[in-house]
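Here's the structure, in structure tokens; my notes come after.
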Amino acid sequence: MKKTAIIMALLLSSQLNAQHVLDKLQGMMNTEPSVEINLGPAMLGLLSGMTSEEKDVSNIMKNLTEISVRVYNLEDEDFKGDLNQIKSFINSTAVEMKALGMEQLAAIREEDSTVYIMAEMADNTMKGLSVMSLDDDSELVVIKIGGQIMLKDLAGLMGRFDVDLNDIEIK
């Protein structure tokens, strides 16, 4: 499950002000993320050229405008946040995304896991992909990918990284 969440994480949308969402989350967490990745168009363009031998990766990256990833270790002694507030934030953010027209691709609502995968769709492409994953009350992963994501390229990439989506309930 963690491998799937982290890989999917490497995949929140432009309709919501992503920086506002991440800032609000940061305020609730009361700790710095253990992993923080911020890639804009220039860096993604550079990386796309560097991965030209990896066709699946290059095809996805050349059309992206941003990738933001935050991973919070909730078992860290520095974590002073409220888990119930964080779960409520994740659920309300997913509801807000749906109200803005995003499609909920997957949702896992179990006692020890809360995961939402949301997509901003247009024709046969994704304009943005967001993942929010709270796993075992021990790790929170939030990912936003902006730009054009071709579904055929995404499927190839998931196959290449051996991502198992069998445990995800597709809505």
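Taken as a whole, the condition of being at pLDDT below 85 and crowded, with 21+ Cβ neighbours inside 10 Å applies to M126. Annotation for region 30-47: no member residue is surrounded by 14 or more Cβ atoms within 10 Å (Cβ to Cβ), modelled with pLDDT under 70 and more than 13 Å from the chain's Cα centre (by Cα).
Here is a check on your reading of the model: is T114 surrounded by fewer than 24 Cβ atoms within 10 Å (Cβ to Cβ) and over 26 Å from K62 (Cβ atoms)?
On the way: surrounded by fewer than 24 Cβ atoms within 10 Å (Cβ to Cβ): yes; over 26 Å from K62 (Cβ atoms): yes.
Spelling it out, T114 is indeed surrounded by fewer than 24 Cβ atoms within 10 Å (Cβ to Cβ) and over 26 Å from K62 (Cβ atoms).
Please determine whether any residue of region 52-73 is at pLDDT below 85, under 19 Å from S34 (Cβ atoms) and surrounded by fewer than 17 Cβ atoms within 10 Å (Cβ to Cβ). Within region 52-73, not a single residue is at pLDDT below 85, under 19 Å from S34 (Cβ atoms) and surrounded by fewer than 17 Cβ atoms within 10 Å (Cβ to Cβ). Among the listed residues M118, M126, M28, M132, which satisfies the condition of being in contact with a Phe, Trp or Tyr (Cβ under 8 Å, 6 or more places away or on another chain) and part of a strand (DSSP E or B)? From the options M118, M126, M28, M132, the qualifying one is M132.
The values are calculated or read from the model by the stated rules, or taken from the named source; none is laboratory data. Just so we're clear, the structure is a prediction, and the values are computed from it rather than from any experiment. Using ideal geometry, Cβ is built from the backbone for each residue, glycine included, and neighbour counts are taken over all protein chains shown.
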